[in-house]
């Protein structure tokens, strides 16, 4: 067994647990991302809105990929992330 295969085998349970947590609490994480993005946007007076929106969308996309690992509803890899809701 190669080092990479050995590492993948040892990390599989952790990956499954993270996926389960993302499925259970994805809405809370998404709400927290939106809330944080709104606060940062207000603190910077809208100067970095586009960058904040892009980062929030990517974070939500990563959450979606984690949460939908097993149910077959995973978006295609080249699909744009959903826009954040401020």
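The values are calculated or read from the model by the stated rules, or taken from the named source; none is laboratory data. Not measured: the values here are computed from a predicted model. Note that we place each Cβ from the backbone using ideal geometry, even for glycine, and neighbour counts take in every protein chain shown.
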Which residue pairs have Cβ atoms under 6 Å apart, sit 6 or more places apart or on different chains, and have a first residue in the range 13-41 that is without any contact (Cβ under 8 Å) to a residue 40 or more places away in the chain and a second that is in a helix (DSSP H, G or I)?
29/63; 30/60; 40/52
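I'm trying to understand the selection: among the residues of the range 37-57, which are loosely packed, with under 14 Cβ neighbours inside 10 Å and assigned to a helix (DSSP H, G or I)?
39, 42, 43, 50, 51
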Leading residue by the ranking (modelled with the lowest pLDDT) among those in the range 35-69 that are touching a helix residue (DSSP H, G or I) at 6+ places or on another chain (Cβ under 7 Å) and under 23 Å from residue 19 (Cα atoms):
69
